[in-house]
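Okay, structure first, notes after.
The values are calculated or read from the model by the stated rules, or taken from the named source; none is laboratory data. Model, not experiment: these values are computed from the prediction. Here the Cβ positions follow ideal geometry from the backbone for every residue, glycine too, while neighbour counts run over all protein chains shown.
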């Protein structure tokens with residue numbers, strides 16, 4: 001599965017796998033794809049350094065990438081405390097009440113509260129980059145629009161390609177103007193932050209909008225048939241995030257959550273602002289229902305919502321409170337029905353792709369060799 | 001573009017075109033596809049007979065189909081007046097006020113009020129069928145779940161295949177159990193009634209759910225690349241509705257509406273209950289905004305909403321009130337940017353499909369002949 005972009009990056013298959021788990025990212029790269037490690041949870045640069053050292057040892061010399069979260073617009077002189085102070089008391093009470101109603105215990109003293117707003121702040125992302133450029137990272141992806149111009153320039157100086165996610169052709173055009181190299185067209189059906197346009201429509205729109213820049217199709221891809229579809233739509237590769245969450249290498253840290261993912265159907269996700277304040281697809285739970293309920297206080301804008309719910313999300317995960325337990329995941333969750341190794345999943349993808357190509361050639365009346 | 005289903009129906013390309021306009025349906029069939037005439041607006045059987053006579057003369061002997069709207073569940077002894085009586089006065093006032101705010105004139109006496117609930121009632125659909133079976137219709141599609149068992153049996157007696165739209169794998173399984181022959185997997189991005197699951201995820205799910213029944217991919221398809229994607233997902237053909245609305249053969253009856261369609265981007269539709277009471281994708285307008293506004297009275301369930309707004313919709317169309325003027329259409333509207341003949345559009349589709357197949361073979365490292 002070879003495209004101009006896969007050749008440029010030196011990978012066998014144009015399959016990009018986004019994951020927060022180094023073991024998954026390394027296994028994707030070893031299998032012939034391109035593992036992209038999500039860096040949002042590394043608030044301490046030394047933690048990222050430790051995991052990139054590990055990646056170096058476990059990717060067998062195959063290329064991999066890093067995904068950071070860096071807003072293009074700088075917010076000067078705003079501390080986490082300043083942001084905390086902007087959260088209305090009604091919303092804090094709603095969190096407390098919702099957790100109490102479901103009997104969610106408090107964290108023990110000293111237990112980390114997991115996801116923090118700090119991972120989303122520019123100084124943290126910049127300290128991540130200081131580490132990243134010490135490693136042979138092949139691609140730097142940014143989940144929040146294009147990174148700042150100096151970061152793009154710095155990446156290019158290091159020979160690192162820069163990718164950015166886009167939910168519309170207009171976003172993608174802005175990315176292209178900012179000098180990024182690869183656009184990830186993130187469809188409505190994708191896990192995490194998504195727009196309203198489904199992959200079937202979005203991918204070719206973005207391909208045409210930024211031509212000749214390479215585009216990766218993201219959202220709804222979890223089988224070889226879907227990879228063939230994404231490539232048929234004009235993409236130079238596919239970007240898969242959700243599918244790896246139920247691989248044996250993934251360390252979600254909650255058996256109950258893994259069980260929920262394995263049991264969920266494609267209709268069991270919702271695009272909700274509950275997690276970050278922007279619409280992000282995730283498992284639908286009593287927690288997202290509470291936030292999406294018109295009778296409730298509603299969500300706060302980013303980054304307030306993320307800060308507001310950070311500790312609550314940690315508590316829900318720590319105590320595995322079934323009804324509230326969720327995670328960002330795409331509609332492809334309906335296909336995630338067994339725990340398999342990254343290698344098995346990957347081989348299934350490439351085999352399925354070959355079968356899909358054979359089938360479409362039969363439909364087109366072509367014989368292939 | 002040949003599949004088992006296209007061979008069975010005797011068509012050259014597995015492209016199914018749904019349209020309310022006989023001239024469009026006939027042109028699709030003449031171009032080598034399968035035109036499917038939407039029958040919902042034929043409340044008088046003689047009108048349908050007139051247009052099917054016309055189809056016979058203008059399809060050049062090529063096969064075509066008919067789409068009816070027939071609920072599987074029968075509602076006995078309920079008249080239109082009974083249904084009218086169930087509409088709350090607050091909702092009638094909201095319609096009157098919204099029209100007044102936008103200065104929409106009344107219809108002149110005797111002017112038809114367009115779409116009526118009667119087209120959705122079983123006795124009308126049955127009278128349509130009495131006409132349809134006098135013609136060599138190749139496929140009978142039903143937009144509201146599977147048709148009643150006796151209708152399926154009657155179609156099969158006439159050698160007519162029966163198709164039904166499905167927005168989820170569960171729907172599709174019910175259709176299969178009801179003995180239908182073809183499932184149209186209607187993705188989130190499609191125009192008209194849709195579910196939440198996008199085509200990229202829905203199509204293969206439905207294909208696997210009803211295997212070996214043939215599935216048509218619907219939603220988001222308006223180019224050869226998208227046809228290739230739909231077929232790569234396992235479909236035996238594609239089902240396109242929106243794309244034909246801006247063909248030169250289409251008789252929308254409003255230049256202003258055609259202009260709106262040509263100008264709209266993929267982000268200019270909304271999945272709203274404003275038209276029928278069930279979520280249907282359509283152009284986003286001040287009319288849909290009013291109904292979707294949490295401050296408004298909200299929509300009524302089907303069929304009340306359709307009955308409530310029928311006259312209003314006619315008035316909006318009759319007087320081409322720009323801000324309110326809309327129509328069911330999918331996200332593919334972003335690609336409908338010029339008025340071309342059905343033949344031009346169709347040739348573009350088949351040429352684009354061939355290019356997409358060539359490209360995917362290059363990616364797969366296959367040479368074809």
* So how many residues does segment A:150-181 have that are within 14 Å of another protein chain (Cβ to nearest Cβ) and either crowded, with 21+ Cβ neighbours inside 10 Å or within 20 Å of the chain's Cα centre (by Cα) (or both)? -> 6
* Structure fact -> In segment A:206-216, anything in contact with a helix residue (DSSP H, G or I) (Cβ under 8 Å, 6 or more places away or on another chain) and in a helix (DSSP H, G or I) is listed as A:206, A:208, A:209, A:210
* Does any residue of segment B:347-369 turn out to be facing chain A (nearest Cβ under 10 Å) and in a strand (DSSP E or B)? -> yes
* Any chance residue A:335 is within 30 Å of residue B:231 (Cβ to Cβ), in contact with a strand residue (DSSP E or B) (Cβ under 6 Å, 6 or more places away or on another chain) and within 11 Å of another protein chain (Cβ to nearest Cβ) -> no
* Asked: Could you say which residue among A:90, A:98 is buried (at least 18 other Cβ atoms within 10 Å of the Cβ) and more than 30 Å from residue A:345 (Cβ to Cβ)?
  -> A:98
* Structure fact -> Residue count, segment A:261-307, condition closer than 30 Å to residue A:78 by Cα and more than 21 Å from the chain's Cα centre (by Cα), comes to 8
* Structure fact -> Of the residues in segment B:1-29 that are away from chain A (no Cβ under 13 Å) and without any contact (Cβ under 8 Å) to a residue 40 or more places away in the chain, the one that is surrounded by the fewest Cβ atoms within 10 Å (Cβ to Cβ) is B:20
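Pick out the one residue from B:201, B:184, B:206 that is under 24 Å from residue A:264 (Cα atoms), more than 14 Å from the chain's Cα centre (by Cα) and more than 7 Å from chain A (Cβ to nearest Cβ).
The conditions single out B:206.
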* Any idea which of (1) at pLDDT below 90; (2) touching a strand residue (DSSP E or B) at 6+ places or on another chain (Cβ under 7 Å) is the one residue A:114 doesn't satisfy? -> (2)
* Structure fact -> The correct count of residues that are closer than 17 Å to residue A:64 by Cα and touching a strand residue (DSSP E or B) at 6+ places or on another chain (Cβ under 8 Å) in segment A:136-182 is 16
